[in-house]
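The values are calculated or read from the model by the stated rules, or taken from the named source; none is laboratory data. What you see is a predicted model; the values in this text were computed from it and never measured. Counting neighbours? That spans all protein chains shown, and the Cβs are built from the backbone with ideal geometry, glycine included. When the accessible area is computed, the model is the full protein with side chains, heavy atoms only, and any ligands, DNA or RNA have been set aside. Shrake-Rupley method; radii C 1.70, N 1.55, O 1.52, S 1.80 Å.
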Amino acid sequence: MAVPLFDTKIQNNALAPDLQAAFARVLASGQFILGPEVQAFERQCAEHLGVRHALGISSGTDAILLAMMALGIGPGDEVICPSFTFFATAGCVARTGAKPVFCDVRADTFNLYVADAARRITPRTKAMIPVHLYGQAAEMESINALARKHGIKVIEDAAQAVGATHGGRHVGGFGDFGAFSFFPTKNLGAFGDAGLLTTNDDALAERAMLLRNHGAHPKYFHKFVGGNFRLDAVQAALLAVKLPHLQSYSQRRAENAERYTGHFIQLPGAALASAAGTGTRLILPFAQQGNGHTWNQYTLRLPGTGRRDALRAWLTARQIGTEIYYPVPLHAQECFASLGQTAEDLPVSARLAGEALSIPVFPELAQAQQDEVIAAVSDFLMAGK
Ligand SMILES: *Cc1c(COP(=O)(O)O)cnc(C)c1O
């Protein structure tokens, strides 16, 4: 039996009648950009996430970019973000003309290492972008304390973490802005590109709302240069059907994660990332105390040269889908070579890029499928690999 890394069809097909009704409503309305469907979805999101403002945006990437623009970040500014994340985090910094300054991450949580970010703050530092990677919140109290001390802004890259909590509060409400993605494989997946920008600051919300639509107010009168970062009505209407199910999707992911960990922890040489040592051969992800992890990914670590790639090939041969999030840390990307940051400067990011392997954890993963993944990973380790 093949086990895909994810399968968006099962989840969406289960809601087909409601999705079709929502689509028919938009079709009949003739209004396809912003409008009442988007406003209704925005209210639904703001309530779900416990934030004052939620703006429907064209994508998660655009939500990060718009946050940067609303904060007035540009040439001459520095923005600190982790090197171990998806490209968009730093790509948006560069697009404003500001300089991405990469900091390292913690090996146990894959998230921004606050002490390392702190030592990279300069008088030019304007903002920090913590990423809630794989669905686990970064350490927002210490990040906000550091930001306040130095008068810098915080944009949460919550693209992978819709629904994740930290101390009982939803991510996206801790920083000046939170940016979410509804890319189809995220926990709340759209039917194309879609995103959300959250904030508790009325003035910032207002500014972001104008910039989302070319900085126009009123129509055809432009106070600022913005862009087209608008959400489609059809995405909003369809996402509004799925949002009430988000919690159960994430709950299923968490159950799958727990079941993996319960089996893997018994393998020789396996340990939770919080307890891994020099002899550990399989490092398991864990939820940090106080975090509601939403498991957008279940990411193993295989220390030792070539072992991650060997496990990936082993699983591929058994028709089990995997992915490497992310094989090249951002400081090592060709487009950022001129920044001059090195693996010596970002050792954990460099190491994780060679060790990380994500395995299927999507909500609809059948128990028999999961058993195959568990057996295949176990066989790999038992074979002494
Ligand atoms: C998916 C993702 C984004 C970008 O979201 P899109 O909707 O694909 O533009 C940004 N940051 C991270 C960490 C992501 O995983």
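Taking only protein heavy atoms and a 1.4 Å probe, what accessible area per residue, in Å², does region 8-245 have with all protein chains in place?
Accessible area per residue, region 8-245: 39 Å².
Can you give the helix-only mean residue ellipticity at 222 nm for the chain, where every DSSP H stretch with n ≥ 4 adds -39500 (n - 2.57) and the sum goes over all residues, rounded to the nearest 500 deg cm²/dmol?
-11500 deg cm²/dmol
Taking springs between alpha-carbon atoms closer than 10 angstrom, which of Glu42, Glu334, Glu372 fluctuates most in the Gaussian network model of the chain?
Comparing Glu42, Glu334, Glu372 in a Gaussian network model of the chain, the most mobile one is Glu334.
In nm, give the distance between the simple-model label positions of Glu258 and Ala343, each being 7 Å from the Cα along the Cα-to-Cβ direction.
3.9
Any idea what diffusion coefficient region 298-361 gets from Stokes-Einstein, in µm²/s, Kirkwood Rh on alpha carbon pairs, 20 °C, 1.002 mPa s?
In µm²/s, the coefficient rounds to 169.
Using θ = phi - 60° and the Karplus curve 6.51 cos²θ - 1.76 cosθ + 1.60, what whole-Hz ³J(HN,Hα) does each residue of region 12-25 get, with Gly and Pro shown as x?
6, 4, 5, 10, 3, x, 5, 5, 5, 5, 5, 4, 4, 5
So what is the relative contact order for the chain, in percent, with contacts set as C-alpha pairs under 8 Å and at least six apart?
22
May I ask you to order 132-140, 321-329 by the average number of other C-beta atoms within 10 Å around their residues, highest value first?
132-140, 321-329
Give me a comma-separated list of calculated 3J(HN,Hα) values for region 30-43, in order, Karplus coefficients 6.51, -1.76, 1.60 applied at θ = phi - 60°, integers in Hz, x for any Gly or Pro.
Computed from phi, the couplings for region 30-43 are x, 10, 10, 10, 6, x, x, 5, 5, 4, 5, 5, 4, 5 Hz.
So how do 114-122, 60-68 stack up, highest first, on mean other-Cβ count within 10 Å?
60-68, 114-122
If you place +1 on the Cβ of every Lys and Arg, -1 on the Cβ of every Asp and Glu, and leave all else neutral, what size is the dipole of region 246-382 about its Cα centre, to the nearest 20 Debye?
Dipole size: approximately 180 debye.
If the viscosity is 1.002 mPa s and the temperature 20 °C, what Stokes-Einstein diffusion coefficient in µm²/s follows for region 82-191 when Rh is the Kirkwood radius over Cα pairs?
Reported coefficient: 152 µm²/s.
Hey, how many Å between the Cα centroid of region 348-382 and the Cα centroid of region 324-345?
About 25 Å separates the Cα centre of region 348-382 from the one of region 324-345.
Cα convex hull of region 31-103: how many Å³ per residue?
Dividing the Cα hull volume of region 31-103 by its residues yields 112 Å³.
If each of Glu206 and Met1 carries a label point 7 Å out from its Cα toward its Cβ, how far apart are those two points in nm?
Label at Glu206, label at Met1, 5.7 nm between them.
What's the lysine pair count for the chain at a Cα cut-off below 27 Å, pairs eight or more apart or interchain?
Summing the qualifying lysine pairs gives 12.
For region 120-179, would you read off the P(r) tail past 18 Å as a percentage of all alpha carbon pairs?
Summing the P(r) of region 120-179 above 18 Å gives 28 percent of all pairs.
Based on Cβ point charges of +1 for Lys and Arg and -1 for Asp and Glu, what charge dipole magnitude is obtained for the chain about its Cα centre, in debye rounded to the nearest 20?
So the dipole magnitude of the chain works out to roughly 380 debye.
Separation between the Thr316 and Thr278 pseudo-spin-labels, each 7 Å from Cα along Cα→Cβ, expressed in nm?
Result for the modelled spin labels: 3.3 nm.
Could you give the alpha-carbon Rg of region 1-123 over 2.2 N^0.38 Å, rounded to two decimals?
Cα Rg divided by the expected 2.2 N^0.38 Å: 1.44.
Expressed in nm to one decimal, what extension gain is obtained for the pair Thr122 and Cys335 from 0.36 nm per residue of sequence separation less their Cα-Cα distance?
Gain on stretching Thr122 to Cys335: 74.4 nm.
Quick check: with the 1.4 Å probe, what order do Met69, Met382 take by accessible area, largest first?
From most accessible down to least: Met382, Met69.
Roll a 1.4 angstrom probe over the protein heavy atoms and tell me the percent of accessible area of the chain that is carbon or sulfur.
Heavy-atom surface of the chain belonging to carbon and sulfur, 1.4 Å probe: 55 percent.
Over region 246-382, one equal point on each Cα, no solvent: what is log10 I(q)/I(0) by the Debye formula at q = 0.16, 0.18, 0.20 Å⁻¹?
For region 246-382 at q = 0.16, 0.18, 0.20 Å⁻¹, log10 I(q)/I(0) is -0.87, -1.06, -1.24.
Restricting to Cα atoms and excluding each atom paired with itself, what does the Kirkwood estimate give for region 182-276 in Å?
Taking the inverse mean of 1/r over all distinct Cα pairs, region 182-276 comes out at 17.0 Å.
If packing is taken as the average number of other Cβ atoms within 10 Å across a peptide's residues, how do 75-81, 14-20, 342-348 rank, most packed first?
Put in order of decreasing packing, that is 75-81, 342-348, 14-20.
Each residue of region 76-86 in turn: what ³J(HN,Hα) in whole Hz from Karplus with 6.51, -1.76, 1.60 and θ = phi - 60°, glycine and Pro shown as x?
These are the phi-based 3J(HN,Hα) values: x, 8, 10, 10, 8, 9, x, 7, 9, 6, 5 Hz.
Could you estimate the translational diffusion coefficient of the chain from the Stokes-Einstein equation, with Rh from the Kirkwood formula over C-alpha pairs, at 10 °C and 1.306 mPa s, in whole µm²/s?
Calculated translational D: 74 µm²/s.
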